[in-house]
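Student: Below: one structure in structure tokens.
The values are calculated or read from the model by the stated rules, or taken from the named source; none is laboratory data. Remember, it's a predicted structure, so these values are computed and weren't measured experimentally. Cβ placement follows ideal geometry from the backbone for every residue including glycine, while neighbour counts extend to all protein chains displayed. Heavy atoms of the whole protein, side chains included, go into the accessibility calculation; ligands, DNA and RNA do not. Shrake-Rupley method; radii C 1.70, N 1.55, O 1.52, S 1.80 Å.
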Amino acid sequence: MQSSYAERFERDMGCTEAEWLGWLPAAIGACAWLREGHTARVEIPPGTLQLSWQTRPPRVIALMRMPVLRVGFVFDGLDAAQRHAFMKRFDLYMQRGGG
């Protein structure tokens, strides 16, 4: 989890698209959302979050291969505190393994 979140940013997730889509409903909680292809619009009153994702080549370290999904986040109509509150829950639900 970060101390602040910009209105627009990208990050690489170590998962497949199927895993991402399986985790997404729990990560966004009670927020209404609509998926279209490789995008989703999440209603976070009083604003929205536009998500977009694309599969990238896997990371290869020696014999290990890790899937990579590049995810774009674009917030609209949410201040810094509202973005942080949403992303705090989102990041906790998306966290896998490690610390």
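Student: Using the heavy atoms of the protein chains alone and a 1.4 angstrom probe, what is the accessible area of the stretch 12-99 per residue in square angstrom?
Tutor: 58 Å²
Student: Another question, then. For the stretch 20-74, restrict the atom set to alpha-carbon positions and state the Rg and Dmax in Å.
Tutor: Cα radius of gyration and Dmax of the stretch 20-74 are 13.8, 46 Å respectively.
Student: Work from the charge dipole of the stretch 1-97 (Cβ charges, +1 for Lys and Arg, -1 for Asp and Glu, about the Cα centre) and give the residue of ALA32, MET64, MET13 farthest towards its positive end.
Tutor: Sorting the options by dipole projection puts first MET64.
Student: Output the 0 to 90 degree angle, nearest 10, between the alpha-carbon long axis of helix 17-28 and the longest principal axis computed from the alpha carbons of the chain.
Tutor: Tilt relative to the chain: about 30 degrees.
Student: Continuing with this model, one more query. Over the alpha carbons of the chain, what is the largest minus smallest coordinate on each principal axis, giving the biggest first in Å?
Tutor: 46, 30, 21
Student: Let me know the charge dipole size of the chain about its Cα centre in debye, to the nearest 20, where only the beta-carbon of Lys, Arg (+1) and Asp, Glu (-1) is charged.
Tutor: 300 debye
Student: Explain nothing, just the number: relative contact order of the chain, from Cα pairs under 8 Å at least 6 residues apart, as a whole percent.
Tutor: 37 percent
Student: Would you mind telling me the share, in percent, of accessible area of the chain contributed by carbon and sulfur at probe 1.4 angstrom?
Tutor: Taking all protein chains in place, the chain shows 54 percent carbon and sulfur surface.
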